[in-house]
Amino acid sequence: MDDTGHKSGHLMLITPERVFYAGLLGRPRQRCSGGFNIYVAIEGGLWLTTADGQESHGEMVALLPNIRHTIASDHRSVLSVVIEPESVRPGALEELAQRLAGPEGAAFTSRIRAAYRELREHHAVNDFSSAEFDSLCLGEALPQRELDPRVARAIVQIGKFSGEPVTAASCAAEAGLSPSRFLHLFKEETGISFRSFRAWKRARHLLHFANQDINLAHLAQDIGYPDSTHFSHSIRRFYGLKPRAIFSGSRDLAIYSHRHASAG
């Protein structure tokens, strides 16, 4: 836990299934998050452009997971809520996206701004379950997805980031399934391939270290990237920024990391 962001107001709360970010947006380049993103302007408006050419503008814009997009803002900083799709009942994020784009949108925007003030004033010190996070930011807990225990165990293994990188073969063996059957089950349960899921979680894990003075080559190796080139390409694809730019823009970011919070 790092308190460097108290003066700037820049902060990030990270739990296994949610992220709340208040900080610099960075130059508008195409990105493709693995999570459901809600962007809220601190001041002025936001412009969202998707890879297929759809455009939207407002104080708040929301985007389903794995959609390439560019986000720009009138203000240098932005608020962002990220929800991990495998943690939420199938269809719930689509329903939420419709509500965010409808008459309730202004109320959601106000609530997320209020959540930022709450987190800033209380320094985000308490462990947050996903239900508590949702209640703070959305006013209600999103319905939790019930995953097959074998897939749930694999997700826990992927999220440990210690020792050798987790493979589909090792997860399949632990689940007592053939690799092909396990891969099919994983995609069936989560809605995304094992490889894509692992790539996103690997990039997401970088967030825990974003405000540290750290050797990026060593960090890439620790997280499980085969080399620095792969690391840089992957991070840029997900965040629209090179790793060095993320770290440079996060020096005054207070990071609160709750790695053991659950959906309960």
Q.
Under 5 Å between amide hydrogens, which residues at least 5 positions from D74 or on another chain qualify, with H placed 1.01 Å from N in the peptide plane?
A. G45
Q: Determine the share of region 11-138's accessible area contributed by carbon and sulfur atoms, expressed in whole percent, with a 1.4 angstrom probe.
A: 49 percent
Q: Determine the shape class of region 149-251: with a ≥ b ≥ c the square roots of the Cα gyration tensor eigenvalues, call it rounded for a/c under 1.5, and otherwise prolate if a/b is greater than b/c, oblate otherwise.
A: prolate
Q) If you roll a 1.4 Å probe over the heavy atoms of the protein chains, what accessible area per residue do you get for region 16-66, in Å²? A) 42 Å²
Q) Which three extents, in whole angstrom, do the alpha-carbon atoms of region 31-91 cover along their principal axes, largest first? A) 33, 24, 17
Q: Determine the equivalent ellipsoid of region 11-138 by diagonalising the alpha-carbon gyration tensor, then write out the semi-axes as square roots of 5 times the eigenvalues, largest first, rounded to whole Å.
A: 21, 17, 14
Q) Hey, of (i) 0.97; (ii) 1.10; (iii) 1.03, which did the structure itself give for Cα Rg over 2.2 N^0.38 Å when calculated? A) (i)
(Q) With a 1.4 Å probe and all protein chains kept in place, how do S234, S135 rank by accessible area, largest first? (A) S135, S234
Q. In deg cm²/dmol and to the nearest 500, what is the mean residue ellipticity at 222 nm of the chain if only DSSP H runs of at least 4 residues count, each as -39500 (n - 2.57), divided by the residue total?
A. -12000 deg cm²/dmol
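The values are calculated or read from the model by the stated rules, or taken from the named source; none is laboratory data. Given the structure is predicted, the values throughout are model-derived calculations rather than measurements. Surface accessibility is based on the protein's heavy atoms, side chains included, excluding ligands, DNA and RNA. Shrake-Rupley method; radii C 1.70, N 1.55, O 1.52, S 1.80 Å.
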